[in-house]
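Here the structure comes first, spelled out in structure tokens, and everything after it is commentary.
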Amino acid sequence: MAQETQNHTLSVSGWAAYDSSGEIKPYTFKRRENGVNDVTIEVLYCGICHTDLHYAKNEWGITMYPVVPGHEITGVVIKVGCNAGKFKIGDRVGVGCLAASCLKCEFCADSQENYCDQMQFTYNGIFWDGSITYGGYSNVIVADYRYVVRIPENLPMDSVAPLLCAGITVFSPLKDNGMLGSPGKKMGVVGLGGLGHVAVKFGKAFGHHVTVLSTSPSKETEAKGRLGADDFIVSTNSQQMQAGKRSLDFILDTVSAQHSLGPILELLKVDGTLVTVGAPDQPLELPPFPLIFGKRSVKGSMTGGMRDTQEMMDLCGKHNITCDVEVIAPDTINEAMDRLAKNDVRYRFVIDIAGRISNI
Ligand code: NAP
Ligand code: ZN
């Protein structure tokens, strides 16, 4: 365990879930000392991804407690290893889902480290030294510089934090499926949450016609107003779903709960593609007929590689894209998680980590 691993002598204050109740409580633990390939980062902000909730409550059955969640991390570099000279003390940086990968395989060579079969996550992973990784709900993180990106100077550190997971997770499939640099497509986004709202912003920035499919009629005004969506379909309204048949080229499904892909696939044109990034704990329903009759494809996508993450960040800097966030103090993480579970957030909670620490 990390607390007992050699060189893990850096004492860190954080917040962890201790069991499947998911309740988050203070947790003091040890991280490794800054190594030659590492930068040590004072964490300023950390987003609360729905994945954090899945892990805190052990919904996927793979949580190693105590788990310190958090993979939407922004902060400032406070220490630099001798091989990590591309960063310097004071740099504004971000850490997302990835902590390590083999750096040798075909995927690593192509900066698709996210598909390396030895890839380890920022939390609930097992690092090379055998320690369990702990995430960004903590005041300091030590990260291998190859999994750290720069934050553009013009973007605020709080509303940028969710780009480190939500942002790259929706950017990567858009890029992979020809939605970057080819404006004018009809794009659908299913689920207007943390991931979904960034997908809408990206879709508009890339010049597409964007339709939101949502279970929440109350989100329509904001979706079309502030977020710039062109259309809004309430996915439980069969008339609206019927009217949207065969209208979309591409759909990104970000839903966190079990649902059927059947009615959603009907909205794709012939040969259209649906990419699912949502990760419910139960299998999605995938009836064959909407696939067969429309020659449609269903694919998955997991976060994104480091080159794409920096590219996305820089694009957001250029287009001034940030996330719509509700910034909270660490002592209200449990309330925020309860609200996230109830789909009551517009559209991402971000924890003000440094604010709390500096008050201690
Ligand atoms: P979120 O903020 O909770 O958003 C999920 C949205 O799904 C909700 O806002 C809601 O949108 C919709 N939804 C919720 N319950 C639903 C239900 N029962 N039926 C239909 N729609 C429902 O979550 P998030 O942080 O965006 O994450 C979404 C999912 O992606 C999670 O499962 C997460 O673990 C996963 N994820 C995957 C990756 C990856 O690499 N593939 C990365 C990050 C996250 P409406 O109100 O609009 O219906
Ligand atoms: Zn995430």
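The values are calculated or read from the model by the stated rules, or taken from the named source; none is laboratory data. From a predicted model like this one, the values you see are computed outputs, not experimental measurements. Here the Cβ is made from the backbone with ideal geometry for all residues, glycine too, and neighbour counts use every protein chain on show. Each accessible area value is taken on the protein alone, full model and side chains, heavy atoms only, with ligands, DNA and RNA left out. Shrake-Rupley method; radii C 1.70, N 1.55, O 1.52, S 1.80 Å.
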Anything in region 164-207 that is without any contact (Cβ under 8 Å) to a residue 40 or more places away in the chain and either assigned to a helix (DSSP H, G or I) or crowded, with 24+ Cβ neighbours inside 10 Å (or both)? List them, or say none. VAL200, GLY203, LYS204
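To keep it simple, each residue is scored yes or no on (1) of a type in the set (Phe, Trp, Tyr); (2) away from ligand 1 (no atom under 16 Å from the Cβ).
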residue	(1), (2)
GLY90	no, yes
GLY94	no, no
CYS102	no, yes
GLN120	no, no
TYR123	yes, no
TRP128	yes, yes
ILE132	no, yes
VAL142	no, yes
ASN154	no, yes
Based on this model, can you work out whether GLY244 counts as in contact (Cβ under 8 Å) with a residue 24 or more places away in the chain, surrounded by 18 or more Cβ atoms within 10 Å (Cβ to Cβ) and within 19 Å of the chain's Cα centre (by Cα)? no
Criterion first (over 22 Å from LEU10 (Cβ atoms) and away from ligand 2 (no atom under 16 Å from the Cβ)) does PHE87 satisfy it? no
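Here is a list: ASN83, ASN58. Which entry is open to solvent by 40 Å² or more (accessible area, probe 1.4 Å), within 16 Å of ligand 1 (Cβ to nearest atom) and closer than 21 Å to PHE127 by Cα?
Details: ASN83 fails: within 16 Å of ligand 1 (Cβ to nearest atom).
Selected residue: ASN58, the only one of ASN83, ASN58 that is open to solvent by 40 Å² or more (accessible area, probe 1.4 Å), within 16 Å of ligand 1 (Cβ to nearest atom) and closer than 21 Å to PHE127 by Cα.
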Going through region 87-110 one residue at a time, which ones are more than 18 Å from ILE141 (Cα to Cα) and either open to solvent by 70 Å² or more (accessible area, probe 1.4 Å) or in a loop (DSSP other than H, G, I, E, B) (or both)? CYS102, LEU103, LYS104, CYS105, GLU106, PHE107, ALA109, ASP110
Applying the selection to region 32-55, what residues are hydrophobic (A, V, I, L, M, F, W, C) and more than 16 Å from ligand 1 (Cβ to nearest atom)? VAL36, VAL39, ILE41, VAL43, LEU44
